[in-house]
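A.B. asks: Please find one structure pasted underneath; my questions will follow.
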Amino acid sequence: MKNYKTILAIDPSGNFEEGKGTTGICLFDAYNDKILACKNIAAKDYDTKEQYWNAHLEYINTINLNPNLKNVIIVIEDFTLDPKRALQQSHSKMETSKLIGILQLHCSQYNIPYYMQRATEVKNRWTDEILVFKHVIEMKGNCYTIPNTNTVLSRHCKDAIRHAKHYNMFRNKEI
């Protein structure tokens, strides 16, 4: 039995001033092991970084307050600075780290269960090829889609799917 019925996985990009980022989001049915929905939140659609970051909180609230979605956990990709890329990050405003902190604080303040998961845990374990083989996503032409839909997946959504799938398989156990 799964501890959480629904997983909201977030692959955050807080970048607003340092290149308009895109956050990928996957809403995942843990019991049926399938994608319910995917979406992007794109910085280019907002006038300020605060509006962009707030769109993430509003979406979390929409999912958390949805009476049809019970027992939800938020899985957030964590950020760690890779020493090999540290010089490239010099003078960065670390906007993604700020967004991750905002997401954590929001979840904590509103007693929304959340789990931080490193990208390195999921990227190699859940390659595109494995996700296709497991029928989590499918290839249509030169695009990846949610099975039996025409919903084209961005790389950001695919990363959120990786987080949802990984959490569901290895962490979502009854306690």
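A.B. asks: For Val122, what is the net charge nearby, where nearby means another residue's Cβ is under 15 Å from its Cβ and Lys, Arg count +1, Asp, Glu -1? Don't jump to the answer; show the numbers that get you there.
C.D. replies: Working: positive: Arg118, Lys123, Arg125, Lys134, Arg155, Lys158, Arg162, Lys165, Arg171; negative: Asp11, Glu77, Asp78, Glu121, Asp128, Glu129, Asp159.
Its environment carries a net charge of +2.
A.B. asks: What length, rounded to one decimal in nm, is gained on full extension from Glu58 through to Thr149, with 0.36 nm per residue of separation minus their alpha-carbon distance?
C.D. replies: Between Glu58 and Thr149, full extension yields 30.2 nm more.
A.B. asks: Extension gain Glu50-Asp128, at 0.36 nm per residue separation less the Cα-Cα distance, in nm?
C.D. replies: Taking 0.36 nm per residue and subtracting the Cα distance, the gain is 24.8 nm.
A.B. asks: Let me ask something else about it. Could you list, bin by bin from short to long, the percent of Cα-Cα pairs of region 107-175 in 5 Å steps?
C.D. replies: 3, 15, 25, 21, 15, 11, 7, 3, 0
A.B. asks: Considering only protein heavy atoms and a probe of 1.4 Å, how much of the accessible area of the chain is carbon and sulfur, as a whole percent?
C.D. replies: 50 percent
A.B. asks: Using only the heavy atoms of the protein chains and a 1.4 Å probe, how would Ser13, Ser108 rank by accessible area, largest first?
C.D. replies: Of Ser13, Ser108, the descending order of accessible area is Ser108, Ser13.
A.B. asks: Quick one: of the DSSP bridges fully inside the chain, what percent are antiparallel, nearest 5?
C.D. replies: Taking every DSSP beta bridge within the chain, about 65 percent pair in antiparallel fashion.
A.B. asks: For the chain, which cysteines have no disulfide-compatible partner, meaning no other cysteine Cβ under 4.7 Å?
C.D. replies: So, Cys26, Cys107, Cys143.
A.B. asks: Probe radius 1.4 Å, ligands and nucleic acids left out: which of Leu153, Leu36 has the largest accessible area, and how do the rest follow? Could you put the intermediate results ahead of the total?
C.D. replies: Values: Leu153 15, Leu36 80 Å².
Of Leu153, Leu36, the descending order of accessible area is Leu36, Leu153.
A.B. asks: Next question. Determine the per residue accessible area of the chain with all protein chains present and a 1.4 angstrom probe, expressed in square angstrom.
C.D. replies: With the other protein chains kept in place, the chain gives 55 Å² per residue.
The values are calculated or read from the model by the stated rules, or taken from the named source; none is laboratory data. Just so you know, these numbers come straight off a predicted model, no measurement behind them. Don't worry about glycine lacking a Cβ; one is built from the backbone with ideal geometry, like all the others, and counts go over all protein chains shown. Quick note on the areas: whole protein, heavy atoms, side chains included, nothing else; ligands and nucleic acids left out. Shrake-Rupley method; radii C 1.70, N 1.55, O 1.52, S 1.80 Å.
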